[in-house]
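See below for the structure under consideration.
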Protein chains: 2
Amino acid sequence: MNIPISQFFQLLSDDTRLRSLLLIQQEGELCVCELIHALNIIQPKVSRHLAALRDAGIVVDRRQGQWIYYRLHPELPDWASQVIDTMVAEAVTHEPFIHDLSALAEMPNRPDAACCA
Amino acid sequence: MNIPISQFFQLLSDDTRLRSLLLIQQEGELCVCELIHALNIIQPKVSRHLAALRDAGIVVDRRQGQWIYYRLHPELPDWASQVIDTMVAEAVTHEPFIHDLSALAEMPNRPDAACCA
DNA sequence: ATCGTATATACGTTTAAACGTATATTATCT
DNA sequence: AGATAATATACGTTTAAACGTATATACGAT
């Protein structure tokens, strides 16, 4: 898992990808429909940006029934994890991340990965 | 000095800007001609990218005679400094940064900011 | 087998970045 | 004042991202 540094930053430079990634890091694992709800962004847009993160090796996905869950790549380089952690710590005090998190918490019929894995 | 997070990453996503910024952080302060030499990139390109960093508040410049020196903005937010420090630590072990640093060290007639400020 | 839900991908268009070349600006030296 | 050096900016072009809409795929339930 060797991500060119400038590619990594290029991926974090888009708001949809950045918000997705921070939510994923904060929550551990999220499926596409949770991100759609939390971010209030249409499905193809969310999927497209998640695919970019996956293709670069920043996240991995796993299918569970009809849902596809994304989490950080387990072998992310240290520097990348550090940057993501730094940004989560920063983002929790600012919009739009605060709102994204509460929208996620209030999502109705949220699928629960833990309950049925 | 309040830089939107995604704009910050957008700026670091270009190789010329990233290499410039890491060199500036490593060296404390550099003028344009030093960067031109270290990076082996034509002058208008270097200047253009430095202007982008300056306009975003990531670096500040000062004129000293015919040279213009760039350094990190003294009031950069903590998260931004942390990210830059993380990346310098990473980059020193990889190309092209290693080469950039040695090209700078071997620059002939290198202006010395300290000697005549 | 069909239907509904979740997700991914393809396509054509629009928006934004980056580029090289040319020119302008500001300082130094003669 | 004129010449040279360092740097910045403007301009037109090319390259690359992002977008919305439409469609394809995979699964679960009936």
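All of the numbers you see were taken from the coordinates with simple rules; none came from a lab. In this text the structure is predicted, and so the values were computed from the model without any measurement. All Cβ positions, glycine included, derive from the backbone under ideal geometry; neighbour counts span all protein chains shown.
Would you work out the charge dipole size for the stretch B:5-107 about its Cα centre, treating the Cβ of every Lys and Arg as +1 and the Cβ of every Asp and Glu as -1, and quote it to the nearest 20 debye?
400 debye
Evaluate the relative contact order of chain A (contact order divided by residue number), counting alpha-carbon pairs under 8 angstrom at least 6 apart; express in whole percent.
32 percent
I need the inter-copy label distances for A:Gly28: point set 7 Å along Cα to C-beta, values in nm with one decimal, smallest first.
Nearest to farthest, the other copies are at 4.8 nm.
Using a label point 7 Å beyond Cα on the Cα-Cβ vector, give me the inter-copy distances for A:Ala51 in nanometres, one decimal, shortest first.
Values, ascending and in nm: 3.7.
Work out the mean other chain Cβ neighbour count within 10 Å for the residues of B:75-88 and drop it here as an integer.
3
Residues with beta-carbon under 15 Å from that of A:Ser102, excluding A:Ser102: net charge, scoring Lys, Arg +1 and Asp, Glu -1?
For residues surrounding A:Ser102, the net value is -3.
At A:Asn109, label 7 Å along Cα→Cβ: distances to the other copies, nm, ascending?
Label point to label point, same position, other copies: 7.4 nm.
Please average, across the residues of B:6-16, the number of beta carbons from any other chain that are within 10 Å of each residue's own beta carbon, and give a whole number.
Shielding by partners across B:6-16 averages 5.
State to the nearest 20 debye the size of the charge dipole of the protein assembly as shown about its Cα centre, where the only charges are +1 on K and R beta carbons and -1 on D and E beta carbons.
Its charge dipole is roughly 620 debye.
Give the calculated FRET efficiency between B:Met1 and A:Glu27 to the nearest 0.05, with a Förster radius of 45 Å applied to their Cβ-Cβ distance.
After rounding to 0.05, the efficiency reads 0.90.
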